Amino acid sequence: MSALLEHPQPAAETVSDLRARFREGKARLLDHFAESRPTAPAALKLIRALARHVDRTLIALWQHSGMPEDAALLAVGGYGRGELFPHSDVDVLVLLPPASPVGNDALKSTIETFITACWDIGLEIGSSVRTVGECIAMSQSDVTVQTALLESRYLWGSRRVFNSFRHANTRAMEPRAFLRAKTLEMVQRHRKFEDTPYSLEPNCKESPGGLRDLQVVIWVARAAGLGKTWNALAAKGLITPFEVKQLVRNEGLLKLIRARLHMVAGRREDRLVFDLQIEVAKSFGYQSTREHLASEVLMRRYYWAAKAVSQLNQILMLNIEEQIEGSQDAPMRRINEKFLERAGMLEVESDDLYQRDPHAILETFLVYQQTVGPKGLSARTLRALYNARDLMDADFRSDPVNRATFMKILKSPEGQTHAFRLMNQTSVLGRYLWVFRRIVGQMQHDLFHVYTVDQHIIMVLRNVRRFFIPEHAHEYAFCSQLASTFDRPWVLYVAALFHDVAKGRGGDHSELGAVEVRRFCRNHGIEGEDAELAEFLVVAHLTMSRVAQKEDLSDPDVIDVFAKLVGTERRLTALYLLTVADIRGTSPKVWNAWKGKLLEDLYRLTLRALGGARPNMDAEVEARKQEARHTLNLYSLPEGTEQPLWKTLDLSYFARHDAGDIAWHARALHEHVAAERPIVQARLSSLGEGLQVLVYARDRADLFARICGYFDGAGFNILDAKVHTTRTGYALDTFQINIPQLEQHYRDLISFVETQLTLALEATGTLPEPSRGRLSRRVKSFPVTPRVALRPDERGQRWLLGVSTSDRSGLLYAIARVLARHHINLQLAKITTLGERVEDTFLIDGSALQQNKLQLQVESELLDALAP
């Protein structure tokens with residue numbers, strides 16, 4: 001191959017010949033790679049061979065186009081490194097001598113011929129044409145251009161022009177400014193990808209821990225003249241031989257994954273999206289088992305590599321910064337006999353501190369947590385921790401001193417979030433809590449978690465901590481209010497660490513996690529009420545969310561059963577705080593104000609029951625009526641305005657609505673109790689999100705289905721529905737509607753909804769077929785098997801219908817249509833959307849449910865409606 005570079009094909013060869021030769025050669029390389037074992041050396045061999053193959057083709061095209069002798073062809077960017085992935089762009093620079101007449105028509109035509117020929121033969125080329133002076137000028141104002149030129153590689157043409165450019169580029173480089181620019185660029189890039197290598201669909205090139213994090217180290221080192229390979233950096237003392245081995249191994253795996261990803265996608269694609277994860281895993285030869293999907297095995301390898309790259313990137317960037325800034329000579333402040341502070345970083349007293357005193361490993365994070373000043377760990381400290389991982393064995397974990405230090409970190413007044421996040425980043429947390437290590441990089445294919453299990457746990461811990469920090473009181477005022485009187489909050493931190501720690505094992509992760517937290521408490525001297533509370537929280541961490549979102553909170557029996565489960569106010573408060581933190585830690589899209597209201601309502605109702613006051617529904621209803629009358633008086637409505645409507649309503653209506661809704665309904669309907677046309681009223685939700693919509697119309701079997709059909713067609717999501725039938729045969733239904741980006745024009749939207757929904761309800765004829773909404777990529781990759789559960793309620797008077805499936809538009813309408821077809825009455829609907837999975841609960845009744853045969857038919861038709 002090198003001989004071909006020295007003796008390119010003769011210029012007489014046609015572009016058509018070159019095209020055929022280029023495509024055949026590339027196809028051979030890709031076929032050979034596809035058939036080879038999936039190893040890092042095979043990937044490295046491929047990307048280098050592809051670069052050489054393109055080199056030869058470009059040189060032949062350069063000669064074929066008759067480019068001037070005083071111009072030079074340079075490879076820049078990733079191609080300049082001598083590496084090309086199967087579908088990467090080919091970036092080249094046509095370098096012209098300083099006095100070249102760029103506007104010369106003949107020269108311009110020649111260059112255009114060359115670039116057009118590159119595209120004609122199938123090269124995805126990115127080209128620029130500049131003189132040496134223009135290159136230097138642009139690099140000074142654009143760090144991206146400066147980076148691309150830093151990696152330039154000579155291909156063909158004038159050596160004199162290339163050397164002139166190289167010397168000018170070296171002289172123009174300012175290492176300190178370049179380091180600052182690349183560091184800021186890296187921080188911005190990390191923020192774009194949520195500052196975590198553990199995104200469920202990471203970008204193997206750009207995400208934290210991706211290939212770009214390794215490239216940026218080489219760029220800043222090269223700019224500072226410290227070397228351009230890992231071995232060169234080791235020769236300068238910037239990295240150790242062990243770190244070189246780790247860098248080569250993890251870089252090799254990332255390159256292998258990226259190469260296989262390009263092959264599977266058939267295009268330039270650096271995102272490991274769900275559907276491609278499955279195909280890439282197959283190309284690695286992985287197979288799914290009962291415990292793990294093949295894609296989970298692949299992604300676990302990816303996450304471990306990305307985590308190592310993140311750690312090494314941090315060490316090397318800090319090391320290079322010290323070299324460039326000279327901060328290694330900055331004065332140090334002694335913190336204690338083991339640690340110092342230098343330039344705002346926590347520094348170990350000596351490189352072998354952890355080897356001499358393994359207890360200092362956990363003490364690092366305690367000192368970091370409790371000392372004012374240090375903003376992070378120095379490169380020296382990070383390296384010492386990285387090299388001390390093997391010291392954290394079973395003896396280390398059972399050492400009483402280490403256990404005491406870990407408890408001090410948990411019980412400190414502040415700093416847990418930063419300490420535990422740093423412990424996880426440096427792999428110390430998984431080495432100390434061995435059970436935690438098992439879930440590092442563990443994916444969650446439940447369609448609503450967007451983080452790996454370990455990242456989710458750290459997010460939940462952060463959320464719990466924020467309830468106790470005054471600066472965050474504005475975010476969740478009620479949680480902060482409860483937290484302000486909650487003593488020993490560290491018990492909550494323990495529960496947060498263990499609530500999902502048993503995921504991925506099979507079985508009930510809540511029960512298995514309870515075994516682990518019980519063991520942790522026993523080993524760390526946590527006894528009595530605190531140990532019992534931690535275990536209870538792990539076992540029951542999903543219960544409050546389930547009850548609030550799936551059961552009828554107006555039913556005293558529901559509240560009574562839940563109150564008996566929690567037992568005490570302290571347990572109730574702890575479970576409420578953990579539940580809010582847990583839901584908030586799954587995904588930014590899962591939490592909404594409606595879920596917050598349901599949880600808060602359940603908390604307040606249960607607290608009252610725990611105080612010995614079993615819900616007295618008659619007294620509660622009377623109190624709500626009095627409050628509603630007071631509200632009506634504020635609108636100057638005459639006394640007794642509410643009576644025409646209230647006389648038609650039973651106790652369940654008043655039990656399920658708060659005083660504000662009751663007053664609103666009375667005010668809207670007091671003149672329309674016997675209305676012939678449907679009445680539709682809408683207002684901004686009191687929760688600050690979306691609309692509340694009131695529908696009052698003569699009841700009929702398909703009414704709820706028509707309402708759902710309208711909302712579905714309008715693109716509005718129903719969060720909650722309360723459905724009532726008056727004694728006079730009218731339906732009084734209230735819907736909580738989530739409308740994205742509801743802005744200042746809400747009045748126009750309210751008027752539009754009131755008009756259009758009224759017209760939809762006046763329509764007659766058969767219900768139209770529901771649309772089969774489009775499924776997202778994630779749902780296609782990890783579909784949820786539709787499930788329908790139908791069971792009688794506690795009294796045997798009504799039925800609870802539970803539905804679980806993948807979310808899509810038109811789903812609720814499809815369900816309502818089946819119920820309407822069988823004349824099944826809907827009394828309550830709780831719509832729970834968890835990311836891209838729905839778990840809806842309906843309280844229903846109807847004669848069809850009293851016959852086993854018709855029950856089976858309803859369930860069968862519902863499963864058909866749920867099918868994607």
What percent antiparallel are the DSSP beta bridges of the chain, to the nearest 5?
90 percent
Any idea what the dipole of the range 577-696 comes to, in debye rounded to 20, about its Cα centre with Lys/Arg Cβ at +1 and Asp/Glu Cβ at -1?
340 debye
Separation between the Arg747 and His823 pseudo-spin-labels, each 7 Å from Cα along Cα→Cβ, expressed in nm?
4.6 nm
Consider the candidate values [x] 1.05; [y] 0.97; [z] 1.46; state which one is Rg/Rh (Cα atoms, Kirkwood Rh) computed from the structure displayed.
[x]
If Glu762, Glu322, Glu35, Glu642 are ordered by their accessible area, calculated over protein heavy atoms with a 1.4 Å probe, which sequence runs from highest to lowest?
Glu35, Glu762, Glu322, Glu642
With an 8 Å cut-off on Cα pairs and a minimum separation of 6 or more residues, tell me the relative contact order of the range 296-420 in percent.
23 percent
If I ignore ligands, DNA and RNA and count only protein heavy atoms, how much of Leu826 is accessible to a 1.4 Å probe, in Å² to the nearest 10?
20 Å²
So for the range 605-691, taking the charge dipole from beta-carbon charges (+1 Lys/Arg, -1 Asp/Glu), which of Leu607, Tyr653, Ala675 sits furthest toward the positive end?
Leu607
At Glu529 and Arg160, where each label point lies 7 Å from the Cα along Cα→Cβ, what is the point-to-point distance in nanometres?
9.0 nm
Probe 1.4 Å, all chains present, heavy atoms only: Glu532 accessible area in Å², nearest 10, is 110 Å²
Net +/- balance of residues flanking Asp270 in space, Cβ distance below 9 Å, scoring K and R +1, D and E -1
+2
Taking Val143, Val94 and ranking on accessible area (1.4 Å, protein atoms only), highest first, one gets Val143, Val94
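May I ask you to derive the FRET efficiency for Leu767 and Gln188 from their Cβ-Cβ distance with R0 = 45 Å, giving the value to the nearest 0.05?
Computed FRET efficiency for Leu767 and Gln188 comes out at 0.30.
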Under 17 Å from the Cα of Lys408 - aspartates and glutamates, other chains or at least 8 residues apart
Glu363, Asp399, Asp487, Glu527, Asp530
Which ³J(HN,Hα) values, rounded to whole Hz and listed in residue order, are derived for the range 813-827 from phi using the Karplus coefficients 6.51, -1.76 and 1.60 in 6.51 cos²θ - 1.76 cosθ + 1.60 with θ = phi - 60°, glycine and proline given as x?
5, 4, 5, 4, 5, 5, 4, 5, 4, 9, 6, 8, 8, 9, 10
1.4 Å probe accessible area per residue over the range 524-609, in Å²:
36 Å²
Neighbour-limited loop hits for GluC sites (Glu not before Pro), the range 157-208 (at most 16 other Cβ within 10 Å; DSSP other than H, G, I, E, B)
Glu194, Glu206
Simple Cβ-charge dipole of the chain, Lys/Arg +1 and Asp/Glu -1, about Cα centre, in debye nearest 20:
1960 debye
Here the relative contact order (percent) of the chain, from C-alpha pairs under 8 Å and at least 6 apart, is 7 percent
Taking one equal scatterer on every alpha-carbon of the range 229-273, how large is log10 of I(q)/I(0) by Debye at q = 0.21, 0.24, 0.31, 0.34 1/Å?
-0.67, -0.74, -1.00, -1.11
His657, His670, His630, reordered so the largest accessible area comes first (probe 1.4 Å)
His630, His670, His657
Report, for the range 31-135, the % of DSSP beta bridges that are antiparallel, rounded to 5.
35 percent
Let me cross-check Thr289: its accessible surface, 1.4 Å probe, with only protein heavy atoms counted, in Å² to the nearest 10?
80 Å²
Between Arg604 and Ala867, the FRET efficiency computed from the C-beta separation at R0 = 45 Å comes out, to the nearest 0.05, as 0.70
Where the accessible area of the chain is counted over protein heavy atoms with a 1.4 Å probe, how much of it, in %, is carbon and sulfur?
50 percent
Bins of 10 Å from zero: percent of alpha-carbon pairs in the range 651-694:
24, 53, 23, 1
Computed lengthening from Gln857 to Glu671, 0.36 nm per intervening residue step minus Cα-Cα distance:
62.7 nm
Relative contact order of the range 509-663, pairs being alpha-carbon contacts under 8 Å that are 6 or more residues apart, as %:
22 percent
Mind putting a number on the dipole of the range 323-438 about its Cα centre? Charges go on the C-beta only, +1 for Lys and Arg and -1 for Asp and Glu, and I need it in Debye to the nearest 20.
480 debye
For a distance above 27 Å, tell me the whole-number percent of Cα pairs in the range 129-273 that qualify.
33 percent
Which whole-Hz couplings ³J(HN,Hα) result when phi for each residue of the range 88-95 is put into the Karplus expression 6.51 cos²θ - 1.76 cosθ + 1.60, θ = phi - 60°, listed in order with x for Gly and Pro?
6, 5, 9, 9, 10, 10, 8, 9
For the Glu754, Glu69 Cβ pair and Förster radius 60 Å, calculated FRET efficiency rounded to 0.05 is 0.15
Compute the distance in nm between two label points, each set 7 Å from the Cα along the Cα-to-Cβ direction, one at Met407 and one at Glu325.
3.9 nm
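The values are calculated or read from the model by the stated rules, or taken from the named source; none is laboratory data. What you see is a predicted model; the values in this text were computed from it and never measured. Cβ: placed from backbone, ideal geometry, glycine included. Neighbour counts: every protein chain shown. To get the accessible areas, we keep the full protein, side chains included, count just its heavy atoms, and leave off ligands, DNA and RNA. Shrake-Rupley method; radii C 1.70, N 1.55, O 1.52, S 1.80 Å.
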